[in-house]
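Below you'll find the structure, written out as structure tokens, and then a few comments.
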Amino acid sequence: MKDKMIAVRKMKPAPGLEMTEAEIPKIGPNDVLVKVKACSLCGTDVHIYKWDAPWNTRVKPPRTLGHEVCGDIVEIGKNVTSFAVGDYISAESHIADWKCFQCRIGNQHVCLNMKLLGVDVDGAFAEYVSLPEANLWRNPKNMPPEVATLQESLGNSVYTVYSGDIVGKTVTIFGLGPTGQFAIGLARVAGATKIIAIGGTKLHLDVAKKMGADVLINRHEEDVIKRIMDETDGIGSDVFLEMSGSPEAINQGLKSLRRGGRVTLLGLPSEDVKLNWASDVVLKEAHINGIWGRKMFDTWIITSRLLGSGRLDITPIITHKLKLKDYDKAIELAASGQAGKVVMFP
């Protein structure tokens, strides 16, 4: 095997990325080396590219980005027993220590000493990536790479949508980036009776329709709260899924939620959010929970089964397929709101 590879890296503490030559990772006894077949772009990667907070204090250049990946194992560490050379895998991006309090009670996804692939350790925007055996997920051989690489991202939405009852519910989904689009398909598969999708671009609203949204609201053109209340006979939604991190969306979603409704938050606001806590939360008896990543590996099992069943088709969300060398174009598309999921191939 050659000693060098091409990788997309954050080389200095400033906006931008560079495609550089890097050493092929050396694996430890509990790791595997994976030849990357596909990697996909996440909003986190865009923020790191722009050098936005809080990533500008967490990422320590030089660092290879990328945490959504699939590929083939080409080398295994001496202690690896559950996987073999040739296995086709995807990866959980939350690297737990498996020792802390949270890990010991089964909450590895919120490990107290968690490291993130492509943030705290070198990631998958490269020809090869080193991954811990504990983070691997074996894929069916016939799963297309552009789908296999999205399971980590899709898992966020699986955990968000299915963190409470969804059958027979009216659901509002704020934010129509990929996680919001995944959520539409998941809510439809699970039996939600009305899915109301709120977004800001024609492309996103068009994809939402393909994924099964019943009502499309352009937040730039309509009174979002009034439209939701009209669509729910003045009652409000049963379930509010926040996928954008927008303070405005959080407030609109809470105000259009019925009393006793469920709020599940995946989006990460970049600033403090001001709420009318009394009327929109306490007196409404709203049930609120936050989501961080995926449950390891409960969420992966559900994700894999849904994809394998054929009942969930996520391909309408994949709007662009690019070579890894075109990462600048990928970032531009994702940041512009004129893309769904962008998948890259080394």
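The values are calculated or read from the model by the stated rules, or taken from the named source; none is laboratory data. Note that the structure is predicted; figures quoted are calculated from it, not measured. Because the Cβ atoms are built from the backbone with ideal geometry, glycine has one as well, and the counts that use them run over all protein chains shown.
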If only one of 238, 214, 233, 223 is under 15 Å from residue 161 (Cα atoms) and either of a type in the set (D, E, K, R) or surrounded by fewer than 18 Cβ atoms within 10 Å (Cβ to Cβ) (or both), which one is it? 238
Looking at residue 272 and the list (1) out of contact with any Cys (no Cβ under 8 Å at 6 or more places or on another chain); (2) outside the structural domain of residue 225 (by TED's automatic domain parsing); (3) farther than 30 Å from residue 231 by Cβ, which single condition is not satisfied? (2)
Count, please, the residues in the range 108-126 that happen to be part of a loop (DSSP other than H, G, I, E, B), out of contact with any Leu (no Cβ under 6 Å at 6 or more places or on another chain) and buried (at least 18 other Cβ atoms within 10 Å of the Cβ). 5
Residue tally, condition basic (Lys, Arg) and outside any strand (DSSP E or B), over the range 127-167: 1
Give the residues of the range 223-233 that are more than 12 Å from residue 252 (Cα to Cα) and either without any contact (Cβ under 8 Å) to a residue 12 or more places away in the chain or acidic (Asp, Glu) (or both), sorted by residue number. 230, 231, 233
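How many residues, within the range 239-281, are within 18 Å of residue 53 (Cα to Cα) and part of a helix (DSSP H, G or I)? Spell out how you get there, then give the answer.
Filtering the range 239-281 for residues within 18 Å of residue 53 (Cα to Cα) gives 244-247, 266-273.
Next, only the ones that are part of a helix (DSSP H, G or I) stay: 247.
Adding up the residues that qualify gives 1.
Filter the range 8-42 for residues that are assigned to a strand (DSSP E or B) and among the β-branched types (Val, Ile, Thr) and give the result.
8, 20, 32, 34, 36
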Residue count, the range 296-316 (criterion: surrounded by 14 or more Cβ atoms within 10 Å (Cβ to Cβ) and either without any contact (Cβ under 8 Å) to a residue 12 or more places away in the chain or under 26 Å from residue 19 (Cβ atoms) (or both)): 1
Any residue at all in the range 293-311 that is in a loop (DSSP other than H, G, I, E, B), modelled with pLDDT of 95 or more and touching a Leu at 6+ places or on another chain (Cβ under 7 Å)? no
